[in-house]
Every structure is written in C-alpha cells, then in structure tokens.
C-alpha cells in the first residue's frame, strides 16, 4: 500500500539519505533535496526508484527564503500534493573554538540555515498542508540535535540554532494541532556520519567511559526508522514530542 509524499531536505548523505531510503521502503514517494543536486543526490533518487517508488531530485538552499515556493512547487509537480516535510538540512560551525571567539559569519550561517531557513520553509509548507486533505498521515519532522539541550561551548552558535529549531517544532505543533497535522522533533546524539568522523575516535573513548548509556555511536538508519515511524503516523495521539535518539546521552544520572 502506498503511503504519503515527502520532501526530505539535506538528503545527499548521512542521516538525510538514510531517512529518504527508509521512507521509500515504507512506500513513500520521495523528493530528495540538497544544496548540491549532483551525482550523490541522483544516486539516492535512483536507489529509491530501484525500490519501485517515485523519486525526484531538487536543488535547495533553504537559507534562500525566496526559493521555498519553488522547491515545494517542483516537488509537488513530480509527486503530487506533499503530505510530509522532513527538515534535515543543516550546517555546523565554520570552526570549533572558544565561545569568546565565535565569528558573526559562523553565527549567521548556523542561524540562517538551521533556524531561519528551517522556520520559513516549515511555514510555507504548513500553509499548503492546511488545505491538502489526504487519507495519509500529514506531518512535519525536524531533525535538530542533542545540542538543542546539551551545551557544547566549542560550537555555541550551532547549539543556539538547534535550540531555536527545537522551539520552532513545538510552536508549529501547537499551531497545527487543530488541523490534525503531527509535528515532531528528533534530537540525534552521536551518529556515525561524515560530519562526526573527525572526532569519532575521541568520542569512542568517552562513550566507553560512560558518556552514553548505550556504549556506541548510533547509525543514520536508526534515526531514519524513528523518522519513518513519525511520518507514518505510528505514534497515535502524539504531537510536539522531541525524540532523543542519543543512546541516553542526555539522561540525568547520579
């Protein structure tokens, strides 16, 4: 049985790619979007097509607010009216370092993509979704970070941007509740991706020493299963929840 029609941002690799493929396995038609719409993103779409699902590739810079209508128009032209948005696109800091040395350029970059761009794409999508009746579950899922709550002073601007995106998800959950639209957040912790590869050895040691309850990195596929569960409406009577996919990183212990 077919499910819904979904747009996944930041789908070229890592968590976004895993989410796009897992949604395709669950019979979603998928629009994969990324800042770079090259061979890597085309390969993701081809994997989806090989599963027998509809896929399309979109170039998307979500920090460019003027492009949001175009992104959604192109996705819907290929898939039909969208039922789901997965906000996964995001950036990290330009360089880790002392909080007292954070540059305006790095701060603005994190905010423009992770908070501002995500907010206004969600707003544009929500306006359309309100008038899109569907037999499928309608939802918005935002991938933030354990740093929405957990402090990392070597990348303070990233923490602030993800905290803003976390609040955004709660706000839209309340605003859209009467529309029967589920709005959710996933807060990944240490996930094994290209982004975390440079610091993996350091954190492997900390994890083995008890930093997380589950003593290993998570995988993009595990985050993808959570996102697909939410997008499929398999957590009934829920909205506004933040799912901590962090191996117990943020669990308070004594």
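The values are calculated or read from the model by the stated rules, or taken from the named source; none is laboratory data. What you are looking at is a predicted structure, and each value in this text was computed from that prediction instead of being measured. No Cβ is skipped: glycine too gets one built from the backbone with ideal geometry, and neighbour counts run over all protein chains shown.
Anything in the range 58-77 that is within 14 Å of residue 12 (Cβ to Cβ) and either buried (at least 23 other Cβ atoms within 10 Å of the Cβ) or in contact with a strand residue (DSSP E or B) (Cβ under 6 Å, 6 or more places away or on another chain) (or both)? List them, or say none. Lay out the reasoning, then the answer.
First pass over the range 58-77, keeping only residues within 14 Å of residue 12 (Cβ to Cβ): 58-62.
Passing the criteria: 58, 60, 62.
Kindly indicate which of 161, 139, 145 is under 22 Å from residue 5 (Cα atoms), crowded, with 18+ Cβ neighbours inside 10 Å and in contact with a helix residue (DSSP H, G or I) (Cβ under 6 Å, 6 or more places away or on another chain).
139
Could you check, for the range 91-114, whether at least one of its residues is under 29 Å from residue 233 (Cα atoms) and surrounded by fewer than 14 Cβ atoms within 10 Å (Cβ to Cβ)?
Within the range 91-114, not a single residue is under 29 Å from residue 233 (Cα atoms) and surrounded by fewer than 14 Cβ atoms within 10 Å (Cβ to Cβ).
For residues that are touching a residue at least 12 places away in the same chain (Cβ under 8 Å) and outside any strand (DSSP E or B), scanning just the range 42-55, find the one that is farthest from residue 166 (Cα to Cα).
It comes out as 51.
Name every residue in the range 3-30 that is in contact (Cβ under 8 Å) with a residue 60 or more places away in the chain and part of a loop (DSSP other than H, G, I, E, B), in order of residue number.
Result: 3, 4, 10, 11, 13, 26, 28.
Please enumerate the residues belonging to the range 31-41 that are touching a helix residue (DSSP H, G or I) at 6+ places or on another chain (Cβ under 7 Å) and either assigned to a loop (DSSP other than H, G, I, E, B) or touching a residue at least 40 places away in the same chain (Cβ under 8 Å) (or both).
Within the range 31-41, 31, 33, 34 meet the criteria.
Return a yes/no flag: does the range 176-185 have any residue that is in contact (Cβ under 8 Å) with a residue 24 or more places away in the chain, in contact with a strand residue (DSSP E or B) (Cβ under 6 Å, 6 or more places away or on another chain) and part of a helix (DSSP H, G or I).
The answer is no, given that none of the residues of the range 176-185 is in contact (Cβ under 8 Å) with a residue 24 or more places away in the chain, in contact with a strand residue (DSSP E or B) (Cβ under 6 Å, 6 or more places away or on another chain) and part of a helix (DSSP H, G or I).
Out of (1) under 18 Å from the mean Cα position of the chain (by Cα); (2) within 26 Å of residue 151 (Cβ to Cβ), the odd one out for residue 233 is which?
All conditions pass for residue 233, except number (2).
Kindly state which helices (runs of 4 or more DSSP H) lie completely within the range 56-135 and contain at least 1 residues that are modelled with pLDDT of 95 or more and closer than 22 Å to residue 45 by Cβ.
68-79, 118-130
Just one of the numbered conditions (1) outside any helix (DSSP H, G or I); (2) under 24 Å from residue 107 (Cβ atoms) is not true of residue 235; which one?
(2)
Restricting to the range 124-136, and then to whatever is touching a residue at least 24 places away in the same chain (Cβ under 8 Å) and out of contact with any helix residue (DSSP H, G or I) (no Cβ under 8 Å at 6 or more places or on another chain), can you tell me which residue is nearest to residue 220 (Cα to Cα)?
So in the range 124-136, the residues touching a residue at least 24 places away in the same chain (Cβ under 8 Å) come out as 124-126, 128-130, 132, 134, 136.
Checking the rest, the ones that are also out of contact with any helix residue (DSSP H, G or I) (no Cβ under 8 Å at 6 or more places or on another chain) come to 132, 134, 136.
Working: 132: 30, 134: 29, 136: 25 Å.
Checking each candidate, the answer is 136.
Looking at the range 148-158, which of the residues that are in a loop (DSSP other than H, G, I, E, B) and out of contact with any strand residue (DSSP E or B) (no Cβ under 8 Å at 6 or more places or on another chain) is surrounded by the fewest Cβ atoms within 10 Å (Cβ to Cβ)?
The qualifying residue surrounded by the fewest Cβ atoms within 10 Å (Cβ to Cβ) is 151.
Go through (1) in contact (Cβ under 8 Å) with a residue 12 or more places away in the chain; (2) more than 24 Å from residue 135 (Cα to Cα); (3) in a helix (DSSP H, G or I) and name the single condition residue 172 misses.
Failed condition: (2).
Considering only residues of the range 200-228 that are crowded, with 17+ Cβ neighbours inside 10 Å and without any contact (Cβ under 8 Å) to a residue 60 or more places away in the chain, which is farthest from the chain's Cα centre (by Cα)?
The extreme case among them is 207.
Of the residues 195, 167, which is under 15 Å from residue 150 (Cα atoms), under 15 Å from the mean Cα position of the chain (by Cα) and either in a helix (DSSP H, G or I) or at pLDDT below 95 (or both)?
Working: 195 fails: under 15 Å from residue 150 (Cα atoms).
Within the list 195, 167, the selection yields 167.
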